[in-house]
Amino acid sequence: MKLPTPQLALLVLLPLTACVSTAKHIVTAPVHAAGWTVDKMTTSQAEADRNRGRQARKDDERARKEAKKEAKRQRELQRQQQQGNPGEY
């Protein structure tokens, strides 16, 4: 049985679509890899601003905790002095 021309063309081209797709991925892979590398190695202004803000918030939180510890230490020291115990300085 002889296949008509459109069906033959379809049977020939159908397997080639996978080859074309694979070839496209192989050809564009280095470009994607280079773009990904550049993106990871550089920091945008927005990222830098976000990182500075995050670091400032961490520094503020650390300073608040230290101030709170120091205030507690001072209260304990005053209480010890009022009770007549010199304690540690």
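Can you name every residue in segment 38-56 that is small (Gly, Ala, Ser) and in contact with a helix residue (DSSP H, G or I) (Cβ under 8 Å, 6 or more places away or on another chain)? Of everything in segment 38-56, nothing turns out to be small (Gly, Ala, Ser) and in contact with a helix residue (DSSP H, G or I) (Cβ under 8 Å, 6 or more places away or on another chain).
Mind telling me which of the residues 23, 48 ends up being of a type outside the set (Phe, Trp, Tyr), assigned to a helix (DSSP H, G or I), at pLDDT 80 or above and surrounded by 10 or more Cβ atoms within 10 Å (Cβ to Cβ)?
Details: 23 fails: at pLDDT 80 or above.
Being of a type outside the set (Phe, Trp, Tyr), assigned to a helix (DSSP H, G or I), at pLDDT 80 or above and surrounded by 10 or more Cβ atoms within 10 Å (Cβ to Cβ) holds for just one of 23, 48, which is 48.
The values are calculated or read from the model by the stated rules, or taken from the named source; none is laboratory data. Since we're looking at a predicted model, the values are computed, not measured. All Cβ positions, glycine included, derive from the backbone under ideal geometry; neighbour counts span all protein chains shown.
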